[in-house]
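The values are calculated or read from the model by the stated rules, or taken from the named source; none is laboratory data. Quick caveat: nothing in here was measured; it's all calculated off a predicted structure. Ideal geometry is used to build each Cβ from the backbone, glycine not excepted, and the neighbour counts take in all protein chains shown. In case anyone asks, the SASA skips ligands and DNA or RNA and just uses the protein heavy atoms, side chains included. Shrake-Rupley method; radii C 1.70, N 1.55, O 1.52, S 1.80 Å.
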Amino acid sequence: MTGVAIIGLQWGDEGKGKISYLLSRDAEYVVRFQGGANAGHTVVLDDRELRFNMLPAGSASGAKPCIASGTVVDLSEVLEEIELLKSIGINTQPLISRNACIVLPIHKELDSMIEQIRSSEAIGTTRRGIGPAYSDKALRIGIKIEDLLDSGSLKSKIKLIEDFHKLPVGDIEEWVELAEKFSGNICDLEIILNDELDRGKRIIFEGAQGTLLDIDQGTYPYVTSSNTTIGAVFTSCGVGPRKISEIIGVMKAYTTRVGAGVFPTELKNREGDILREKGREYGTTTGRPRRVGWLDIPLLRYSIMINSIDWIALTKLDVLGGIRKIKICIEYDINGERVEMAPPNVRTLEKAKPVYIHLDGWSALTREEWKKVAVKGWDALPENAKTYIEIIEKLLSRPIKLVSVGASAGMEVAK
Ligand code: GDP
(Lines give C-alpha, C1' and ligand atoms only; values in the text may rest on other atoms or scores of the structure.)
Protein backbone atom coordinates (compact mmCIF):
# COMPACT_ATOMS: atom_id res chain seq x y z
CA MET A 1 0.00 0.00 0.00
CA THR A 2 1.20 3.46 -0.74
CA GLY A 3 -0.75 5.75 1.51
CA VAL A 4 1.52 8.26 3.23
CA ALA A 5 0.30 10.43 6.12
CA ILE A 6 1.90 13.71 7.17
CA ILE A 7 1.16 14.81 10.71
CA GLY A 8 2.28 17.92 12.61
CA LEU A 9 3.91 16.91 15.90
CA GLN A 10 3.64 20.22 17.74
CA TRP A 11 1.05 23.02 17.89
CA GLY A 12 0.86 23.48 14.13
CA ASP A 13 2.92 25.73 11.83
CA GLU A 14 5.65 23.10 11.70
CA GLY A 15 6.13 23.59 7.96
CA LYS A 16 3.86 20.78 6.79
CA GLY A 17 3.11 22.73 3.60
CA LYS A 18 6.64 22.42 2.25
CA ILE A 19 7.05 18.80 3.37
CA SER A 20 3.72 17.84 1.79
CA TYR A 21 4.77 19.55 -1.43
CA LEU A 22 8.08 17.64 -1.47
CA LEU A 23 6.45 14.29 -0.78
CA SER A 24 3.55 14.88 -3.20
CA ARG A 25 5.82 15.34 -6.19
CA ASP A 26 5.60 11.69 -7.12
CA ALA A 27 2.06 11.17 -5.79
CA GLU A 28 -1.16 10.85 -7.72
CA TYR A 29 -3.40 12.48 -5.10
CA VAL A 30 -3.02 14.65 -2.03
CA VAL A 31 -5.84 14.78 0.51
CA ARG A 32 -6.95 17.30 3.16
CA PHE A 33 -8.66 15.17 5.78
CA GLN A 34 -9.59 17.48 8.67
CA GLY A 35 -10.21 21.09 9.55
CA GLY A 36 -11.22 23.75 7.08
CA ALA A 37 -9.89 27.03 5.77
CA ASN A 38 -8.14 27.53 9.13
CA ALA A 39 -5.00 25.87 7.85
CA GLY A 40 -2.22 28.04 6.50
CA HIS A 41 0.13 25.82 4.57
CA THR A 42 2.93 27.52 2.69
CA VAL A 43 4.95 26.39 -0.29
CA VAL A 44 7.73 28.60 -1.63
CA LEU A 45 8.60 27.98 -5.27
CA ASP A 46 11.21 30.16 -6.98
CA ASP A 47 10.80 32.80 -4.27
CA ARG A 48 7.05 32.90 -4.76
CA GLU A 49 5.11 32.19 -1.57
CA LEU A 50 1.92 30.18 -2.15
CA ARG A 51 -0.49 29.91 0.75
CA PHE A 52 -3.14 27.22 0.97
CA ASN A 53 -5.95 27.39 3.49
CA MET A 54 -8.37 24.84 2.13
CA LEU A 55 -6.73 22.80 -0.60
CA PRO A 56 -3.78 20.62 0.36
CA ALA A 57 -0.49 22.45 -0.21
CA GLY A 58 0.86 19.31 -1.88
CA SER A 59 -1.34 20.11 -4.88
CA ALA A 60 1.26 22.73 -5.89
CA SER A 61 3.28 19.71 -7.05
CA GLY A 62 0.61 18.70 -9.55
CA ALA A 63 -0.89 15.89 -7.44
CA LYS A 64 -4.69 15.88 -7.64
CA PRO A 65 -6.16 17.77 -4.65
CA CYS A 66 -8.88 16.02 -2.64
CA ILE A 67 -11.08 17.22 0.20
CA ALA A 68 -12.32 14.38 2.39
CA SER A 69 -15.57 13.84 4.30
CA GLY A 70 -14.20 14.87 7.70
CA THR A 71 -13.36 18.43 6.68
CA VAL A 72 -15.59 21.50 6.84
CA VAL A 73 -15.39 23.20 3.49
CA ASP A 74 -15.33 26.84 2.48
CA LEU A 75 -16.13 26.74 -1.24
CA SER A 76 -15.05 30.32 -1.92
CA GLU A 77 -11.57 29.41 -0.63
CA VAL A 78 -11.56 26.36 -2.88
CA LEU A 79 -12.29 28.59 -5.85
CA GLU A 80 -9.52 31.05 -4.91
CA GLU A 81 -6.99 28.28 -4.52
CA ILE A 82 -7.91 26.70 -7.85
CA GLU A 83 -6.97 30.10 -9.32
CA LEU A 84 -3.75 30.11 -7.27
CA LEU A 85 -2.82 26.75 -8.78
CA LYS A 86 -3.66 28.09 -12.25
CA SER A 87 -1.22 30.95 -11.67
CA ILE A 88 1.61 28.39 -11.40
CA GLY A 89 0.45 26.52 -14.47
CA ILE A 90 -1.59 23.80 -12.74
CA ASN A 91 -5.05 23.42 -14.19
CA THR A 92 -6.96 21.16 -11.89
CA GLN A 93 -10.28 20.67 -10.17
CA PRO A 94 -10.27 19.18 -6.67
CA LEU A 95 -12.21 16.04 -5.85
CA ILE A 96 -14.59 16.95 -3.04
CA SER A 97 -16.37 14.35 -0.93
CA ARG A 98 -20.13 14.74 -1.14
CA ASN A 99 -20.21 14.06 2.61
CA ALA A 100 -18.04 16.96 3.73
CA CYS A 101 -19.94 19.58 5.70
CA ILE A 102 -19.82 23.20 4.63
CA VAL A 103 -19.00 26.33 6.58
CA LEU A 104 -21.86 28.83 6.39
CA PRO A 105 -21.69 32.60 6.99
CA ILE A 106 -23.50 32.03 10.31
CA HIS A 107 -20.63 29.82 11.48
CA LYS A 108 -18.14 32.66 11.09
CA GLU A 109 -20.45 34.92 13.04
CA LEU A 110 -20.87 32.33 15.81
CA ASP A 111 -17.08 31.84 15.93
CA SER A 112 -16.56 35.54 16.66
CA MET A 113 -19.42 35.58 19.15
CA ILE A 114 -18.06 32.73 21.26
CA GLU A 115 -14.57 34.22 21.25
CA GLN A 116 -16.02 37.52 22.47
CA ILE A 117 -17.96 35.75 25.22
CA ARG A 118 -14.81 33.94 26.31
CA SER A 119 -13.12 37.34 26.49
CA SER A 120 -9.76 36.94 28.28
CA GLU A 121 -10.05 33.18 27.89
CA ALA A 122 -10.53 33.29 24.12
CA ILE A 123 -9.12 30.26 22.32
CA GLY A 124 -7.57 32.41 19.62
CA THR A 125 -9.43 30.78 16.72
CA THR A 126 -9.01 32.02 13.16
CA ARG A 127 -12.71 33.06 13.30
CA ARG A 128 -13.29 31.22 10.07
CA GLY A 129 -16.29 29.37 11.43
CA ILE A 130 -14.59 25.99 11.76
CA GLY A 131 -15.62 25.19 15.36
CA PRO A 132 -19.31 26.12 14.88
CA ALA A 133 -19.44 24.18 11.59
CA TYR A 134 -18.14 21.09 13.40
CA SER A 135 -20.50 21.61 16.33
CA ASP A 136 -23.49 21.82 13.96
CA LYS A 137 -22.25 18.63 12.35
CA ALA A 138 -22.17 16.93 15.77
CA LEU A 139 -25.68 18.24 16.44
CA ARG A 140 -26.73 16.55 13.19
CA ILE A 141 -27.83 19.87 11.70
CA GLY A 142 -24.79 20.36 9.47
CA ILE A 143 -25.19 20.95 5.75
CA LYS A 144 -23.23 18.64 3.52
CA ILE A 145 -21.81 19.49 0.14
CA GLU A 146 -24.37 17.29 -1.59
CA ASP A 147 -27.22 19.18 0.11
CA LEU A 148 -26.20 22.26 -1.87
CA LEU A 149 -27.14 20.39 -5.02
CA ASP A 150 -30.62 19.53 -3.76
CA SER A 151 -32.59 22.76 -3.46
CA GLY A 152 -35.66 20.87 -2.21
CA SER A 153 -34.12 19.60 1.02
CA LEU A 154 -31.69 22.50 1.43
CA LYS A 155 -34.43 24.91 2.51
CA SER A 156 -35.63 22.74 5.40
CA LYS A 157 -32.04 22.10 6.52
CA ILE A 158 -31.31 25.81 6.58
CA LYS A 159 -34.50 26.42 8.54
CA LEU A 160 -33.37 23.91 11.17
CA ILE A 161 -30.06 25.72 11.65
CA GLU A 162 -31.77 29.11 11.81
CA ASP A 163 -34.37 27.88 14.30
CA PHE A 164 -31.70 26.39 16.49
CA HIS A 165 -29.29 29.36 16.50
CA LYS A 166 -32.05 31.96 16.22
CA LEU A 167 -29.94 33.73 13.60
CA PRO A 168 -30.09 33.84 9.81
CA VAL A 169 -27.52 31.56 8.12
CA GLY A 170 -26.52 34.39 5.78
CA ASP A 171 -26.43 34.54 2.03
CA ILE A 172 -25.52 31.14 0.64
CA GLU A 173 -26.59 31.74 -2.95
CA GLU A 174 -22.89 31.93 -3.83
CA TRP A 175 -22.31 28.53 -2.14
CA VAL A 176 -25.08 26.92 -4.18
CA GLU A 177 -23.69 28.40 -7.37
CA LEU A 178 -20.20 27.17 -6.52
CA ALA A 179 -21.49 23.69 -5.69
CA GLU A 180 -23.21 23.62 -9.09
CA LYS A 181 -19.99 24.74 -10.68
CA PHE A 182 -18.04 21.98 -8.90
CA SER A 183 -20.77 19.38 -9.32
CA GLY A 184 -18.63 17.26 -11.66
CA ASN A 185 -16.03 16.93 -8.89
CA ILE A 186 -18.32 16.21 -5.98
CA CYS A 187 -17.83 12.49 -5.57
CA ASP A 188 -17.71 9.35 -3.47
CA LEU A 189 -14.13 10.05 -2.48
CA GLU A 190 -13.90 6.98 -0.23
CA ILE A 191 -14.35 4.65 -3.21
CA ILE A 192 -11.89 6.54 -5.39
CA LEU A 193 -9.15 6.65 -2.74
CA ASN A 194 -9.52 2.97 -1.84
CA ASP A 195 -9.52 1.90 -5.48
CA GLU A 196 -6.48 3.99 -6.26
CA LEU A 197 -4.57 2.70 -3.21
CA ASP A 198 -5.44 -0.86 -4.24
CA ARG A 199 -4.00 -0.12 -7.67
CA GLY A 200 -0.74 0.94 -6.01
CA LYS A 201 -1.14 4.67 -6.52
CA ARG A 202 0.71 6.92 -4.07
CA ILE A 203 -1.61 9.12 -2.02
CA ILE A 204 -0.46 11.75 0.47
CA PHE A 205 -2.74 12.55 3.40
CA GLU A 206 -1.85 16.08 4.48
CA GLY A 207 -2.61 16.88 8.11
CA ALA A 208 -3.46 20.40 9.26
CA GLN A 209 -2.80 22.11 12.60
CA GLY A 210 -0.82 19.77 14.86
CA THR A 211 -1.07 16.87 17.28
CA LEU A 212 -1.17 19.08 20.38
CA LEU A 213 -4.16 20.91 18.90
CA ASP A 214 -6.16 17.67 18.48
CA ILE A 215 -9.58 18.04 20.07
CA ASP A 216 -9.15 14.80 22.06
CA GLN A 217 -5.39 14.45 22.45
CA GLY A 218 -4.39 18.11 22.55
CA THR A 219 -4.30 20.74 25.26
CA TYR A 220 -8.08 21.20 25.56
CA PRO A 221 -9.79 23.67 25.45
CA TYR A 222 -6.99 25.50 23.62
CA VAL A 223 -7.19 23.19 20.63
CA THR A 224 -8.72 23.11 17.20
CA SER A 225 -12.17 21.65 16.65
CA SER A 226 -11.16 18.47 14.83
CA ASN A 227 -8.93 15.45 15.31
CA THR A 228 -5.57 16.28 13.82
CA THR A 229 -3.91 12.96 14.60
CA ILE A 230 -3.54 9.84 12.50
CA GLY A 231 -6.97 8.40 13.31
CA ALA A 232 -8.59 11.24 11.41
CA VAL A 233 -7.15 9.89 8.14
CA PHE A 234 -9.18 6.72 8.61
CA THR A 235 -12.42 8.22 9.86
CA SER A 236 -12.44 11.13 7.44
CA CYS A 237 -11.32 9.38 4.26
CA GLY A 238 -12.82 5.95 4.84
CA VAL A 239 -9.42 4.40 4.30
CA GLY A 240 -8.37 1.62 6.67
CA PRO A 241 -5.19 1.82 8.78
CA ARG A 242 -3.47 -0.99 6.84
CA LYS A 243 -3.59 1.15 3.71
CA ILE A 244 -1.18 3.66 5.20
CA SER A 245 2.37 2.46 4.78
CA GLU A 246 4.24 5.46 6.13
CA ILE A 247 3.41 7.99 8.84
CA ILE A 248 5.67 11.02 8.82
CA GLY A 249 5.88 13.51 11.64
CA VAL A 250 6.79 17.12 10.87
CA MET A 251 8.39 19.17 13.64
CA LYS A 252 10.28 22.41 13.69
CA ALA A 253 13.64 22.74 15.40
CA TYR A 254 12.05 24.66 18.30
CA THR A 255 8.48 25.06 19.55
CA THR A 256 5.76 27.61 18.77
CA ARG A 257 2.10 27.97 19.57
CA VAL A 258 -0.59 30.45 18.64
CA GLY A 259 -3.14 31.68 21.15
CA ALA A 260 -3.54 30.70 24.77
CA GLY A 261 -2.82 27.46 26.61
CA VAL A 262 -0.08 25.54 28.40
CA PHE A 263 3.44 25.84 26.95
CA PRO A 264 6.13 24.39 29.25
CA THR A 265 9.23 25.55 27.32
CA GLU A 266 7.95 29.04 26.40
CA LEU A 267 10.54 31.80 26.18
CA LYS A 268 9.12 35.09 27.35
CA ASN A 269 12.42 36.92 27.05
CA ARG A 270 14.67 38.49 24.43
CA GLU A 271 15.83 35.08 23.26
CA GLY A 272 12.19 34.35 22.43
CA ASP A 273 11.84 37.65 20.59
CA ILE A 274 14.92 36.89 18.51
CA LEU A 275 13.64 33.43 17.62
CA ARG A 276 10.23 34.88 16.69
CA GLU A 277 11.81 37.45 14.39
CA LYS A 278 14.31 35.08 12.81
CA GLY A 279 11.67 32.41 12.26
CA ARG A 280 9.04 34.94 11.07
CA GLU A 281 6.72 33.43 13.63
CA TYR A 282 3.56 35.32 12.79
CA GLY A 283 0.31 33.53 11.85
CA THR A 284 -0.14 32.76 8.14
CA THR A 285 -3.90 33.14 8.36
CA THR A 286 -4.16 35.77 11.09
CA GLY A 287 -0.80 37.60 11.26
CA ARG A 288 -0.75 37.10 15.04
CA PRO A 289 2.66 36.78 16.75
CA ARG A 290 3.29 33.19 17.79
CA ARG A 291 4.59 32.24 21.21
CA VAL A 292 7.99 30.59 20.93
CA GLY A 293 10.10 28.27 23.06
CA TRP A 294 12.76 25.56 23.11
CA LEU A 295 12.24 22.08 21.76
CA ASP A 296 10.06 19.99 24.07
CA ILE A 297 11.00 16.31 23.88
CA PRO A 298 8.36 14.95 26.35
CA LEU A 299 5.57 16.46 24.22
CA LEU A 300 7.15 15.16 21.02
CA ARG A 301 7.46 11.68 22.55
CA TYR A 302 3.74 11.79 23.24
CA SER A 303 2.95 12.92 19.69
CA ILE A 304 5.14 10.20 18.22
CA MET A 305 3.54 7.55 20.41
CA ILE A 306 -0.08 8.37 19.60
CA ASN A 307 0.49 8.74 15.86
CA SER A 308 2.82 5.73 15.36
CA ILE A 309 5.28 8.03 13.63
CA ASP A 310 7.81 6.18 11.43
CA TRP A 311 10.20 9.01 10.71
CA ILE A 312 10.58 12.74 11.14
CA ALA A 313 10.98 15.73 8.86
CA LEU A 314 12.71 18.50 10.84
CA THR A 315 12.10 22.05 9.62
CA LYS A 316 13.45 25.54 10.27
CA LEU A 317 16.85 24.35 11.43
CA ASP A 318 18.30 27.48 9.79
CA VAL A 319 16.45 29.69 12.29
CA LEU A 320 18.59 28.42 15.18
CA GLY A 321 21.81 29.55 13.48
CA GLY A 322 23.55 32.30 15.47
CA ILE A 323 22.19 31.24 18.87
CA ARG A 324 25.16 30.58 21.14
CA LYS A 325 23.58 28.10 23.55
CA ILE A 326 20.60 26.03 22.49
CA LYS A 327 18.47 24.29 25.06
CA ILE A 328 16.45 21.10 24.67
CA CYS A 329 13.88 20.08 27.25
CA ILE A 330 14.57 16.36 27.73
CA GLU A 331 12.17 15.66 30.59
CA TYR A 332 9.86 17.36 33.06
CA ASP A 333 9.91 17.74 36.77
CA ILE A 334 6.31 17.24 37.89
CA ASN A 335 5.79 17.51 41.65
CA GLY A 336 9.41 16.53 42.23
CA GLU A 337 9.29 13.52 39.92
CA ARG A 338 11.22 13.20 36.67
CA VAL A 339 8.92 12.39 33.75
CA GLU A 340 10.06 11.51 30.21
CA MET A 341 6.66 11.46 28.49
CA ALA A 342 4.24 14.41 28.56
CA PRO A 343 1.10 13.49 30.52
CA PRO A 344 -2.11 13.43 28.44
CA ASN A 345 -3.72 15.82 30.89
CA VAL A 346 -3.52 19.59 30.81
CA ARG A 347 -3.71 20.13 34.57
CA THR A 348 -0.72 17.86 35.14
CA LEU A 349 1.09 19.36 32.17
CA GLU A 350 0.63 22.82 33.68
CA LYS A 351 2.75 21.68 36.62
CA ALA A 352 5.59 20.50 34.38
CA LYS A 353 8.94 22.22 34.87
CA PRO A 354 11.24 21.62 31.92
CA VAL A 355 14.61 19.98 32.57
CA TYR A 356 17.07 21.20 29.96
CA ILE A 357 20.32 20.13 28.41
CA HIS A 358 22.49 22.86 26.91
CA LEU A 359 24.17 22.50 23.55
CA ASP A 360 26.62 24.69 21.70
CA GLY A 361 25.00 26.44 18.75
CA TRP A 362 26.43 27.22 15.34
CA SER A 363 27.00 30.45 13.42
CA ALA A 364 24.24 32.16 11.53
CA LEU A 365 24.43 31.32 7.84
CA THR A 366 23.03 33.49 5.07
CA ARG A 367 20.30 32.17 2.82
CA GLU A 368 22.88 31.69 0.08
CA GLU A 369 25.09 29.69 2.42
CA TRP A 370 22.17 27.46 3.46
CA LYS A 371 21.37 26.98 -0.22
CA LYS A 372 24.90 25.68 -0.76
CA VAL A 373 24.49 23.37 2.23
CA ALA A 374 21.30 22.00 0.66
CA VAL A 375 23.11 21.33 -2.61
CA LYS A 376 26.06 19.62 -0.92
CA GLY A 377 23.96 17.57 1.49
CA TRP A 378 24.24 16.25 5.04
CA ASP A 379 28.02 16.52 5.42
CA ALA A 380 27.88 20.24 4.68
CA LEU A 381 25.69 21.01 7.70
CA PRO A 382 27.50 22.79 10.56
CA GLU A 383 28.93 20.18 12.96
CA ASN A 384 26.90 21.42 15.92
CA ALA A 385 23.72 21.34 13.82
CA LYS A 386 24.42 17.69 13.00
CA THR A 387 24.94 17.00 16.70
CA TYR A 388 21.64 18.74 17.49
CA ILE A 389 19.82 16.52 14.97
CA GLU A 390 21.48 13.33 16.18
CA ILE A 391 20.65 14.11 19.81
CA ILE A 392 16.99 14.67 18.88
CA GLU A 393 16.93 11.35 17.00
CA LYS A 394 18.30 9.56 20.06
CA LEU A 395 15.89 11.27 22.44
CA LEU A 396 12.89 10.48 20.23
CA SER A 397 14.04 7.04 19.03
CA ARG A 398 13.07 7.94 15.48
CA PRO A 399 15.17 8.77 12.42
CA ILE A 400 15.13 12.30 11.05
CA LYS A 401 15.23 11.64 7.32
CA LEU A 402 14.65 15.13 6.00
CA VAL A 403 16.03 18.42 7.34
CA SER A 404 14.66 21.69 6.00
CA VAL A 405 17.03 24.68 6.10
CA GLY A 406 14.94 27.31 4.34
CA ALA A 407 11.37 27.99 3.27
CA SER A 408 11.96 27.37 -0.45
CA ALA A 409 11.58 23.97 -2.00
CA GLY A 410 15.11 22.77 -2.67
CA MET A 411 16.48 24.09 0.62
CA GLU A 412 16.50 20.77 2.41
CA VAL A 413 18.84 17.94 3.14
CA ALA A 414 17.99 14.26 3.04
CA LYS A 415 19.73 12.13 5.61
P1 GDP B 1 2.16 24.43 8.35
O2 GDP B 1 0.99 25.12 8.93
O3 GDP B 1 2.73 23.36 9.22
O4 GDP B 1 1.96 23.97 6.94
O5 GDP B 1 3.29 25.52 8.30
P6 GDP B 1 3.60 26.50 7.13
O7 GDP B 1 3.63 25.78 5.84
O8 GDP B 1 2.75 27.71 7.23
O9 GDP B 1 5.09 26.86 7.52
C10 GDP B 1 5.38 27.85 8.41
C11 GDP B 1 6.32 28.86 7.80
O12 GDP B 1 7.63 28.36 7.81
C13 GDP B 1 6.02 29.20 6.34
O14 GDP B 1 6.20 30.58 6.15
C15 GDP B 1 7.08 28.42 5.58
O16 GDP B 1 7.41 29.00 4.33
C17 GDP B 1 8.23 28.48 6.54
N18 GDP B 1 9.21 27.38 6.46
C19 GDP B 1 8.99 26.06 6.19
N20 GDP B 1 10.15 25.38 6.29
C21 GDP B 1 11.11 26.28 6.62
C22 GDP B 1 12.52 26.17 6.90
O23 GDP B 1 13.11 25.11 6.89
N24 GDP B 1 13.15 27.33 7.24
C25 GDP B 1 12.53 28.54 7.30
N26 GDP B 1 13.24 29.60 7.64
N27 GDP B 1 11.22 28.66 7.05
C28 GDP B 1 10.52 27.55 6.73
With charges set only on the Cβ (+1 for Lys and Arg, -1 for Asp and Glu), what does the dipole of the range 88-135 come to about its Cα centre, in debye to the nearest 20?
160 debye
Pop the C-beta distance of Glu146 and Glu80 into the FRET formula with R0 = 30 Å and round what comes out to the nearest 0.05.
0.85
Expressed as a fraction of 2.2 N^0.38 Å, the rule-of-thumb size for a compact globular protein of N residues, what is the C-alpha radius of gyration of the range 101-180?
1.12
From the helices alone, meaning DSSP H stretches of at least four residues, give me the mean residue ellipticity at 222 nm for the chain, per-run term -39500 (n - 2.57), in deg cm²/dmol to the nearest 500.
-9500 deg cm²/dmol
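Please report the carbon-and-sulfur percent of the accessible area for the chain; probe 1.4 Å, protein heavy atoms only, DNA, RNA and ligands left out. Working shown, then result.
Numbers: 8440 of 17130 Å².
Answer for the chain: carbon and sulfur cover 49 percent of the accessible area.
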Relative to the Cα centre, what is the charge dipole magnitude of the chain, using +1 at the beta carbon of each Lys and Arg, -1 at the beta carbon of each Asp and Glu, and rounding to the nearest 20 debye?
960 debye
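How much net charge surrounds Glu180 when only the other residues with a Cβ under 14 Å from the Cβ of Glu180 are counted, with Lys and Arg +1 and Asp and Glu -1?
Values: positive: Arg98, Lys181; negative: Glu146, Asp147, Asp150, Glu173, Glu174, Glu177.
Around Glu180, the charge tally is -4.
Could you work out the relative contact order of the chain, using alpha carbon pairs under 8 angstrom and six or more residues apart, expressed as a whole percent?
Numbers: 941 pairs, mean separation 80.7, N = 415.
Contact order relative to length: 19 percent.
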Please report the antiparallel percentage of DSSP beta bridges with both residues in the chain, rounded to the nearest 5.
40 percent
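Under 13 Å from the Cβ of Ala313, count the other residues' Cβ atoms, weight Lys and Arg +1, Asp and Glu -1, and hand me the total.
Numbers: positive: Lys16, Lys18, Lys252, Lys316, Arg398, Lys401, Lys415; negative: Glu14, Glu206, Glu246, Asp310, Glu393, Glu412.
So the surrounding residues net to +1.
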Sort 51-60, 388-397, 86-95 by packing, meaning the average of other beta carbons within 10 Å per residue, with the highest value first.
51-60, 388-397, 86-95
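Using the structure shown, list the pairs from Lys16/Lys376; Lys16/Lys386; Lys16/Lys155; Lys325/Lys353; Lys137/Lys252; Lys64/Lys386 with a Cα-Cα distance above 31 Å, or answer none.
Numbers: Lys16/Lys376 24 Å; Lys16/Lys386 22 Å; Lys16/Lys155 39 Å; Lys325/Lys353 19 Å; Lys137/Lys252 33 Å; Lys64/Lys386 36 Å.
Over 31 Å Cα-Cα: Lys16/Lys155; Lys137/Lys252; Lys64/Lys386.
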From the Cα centre of the range 120-191 to that of the range 323-396, the distance in Å is 43 Å
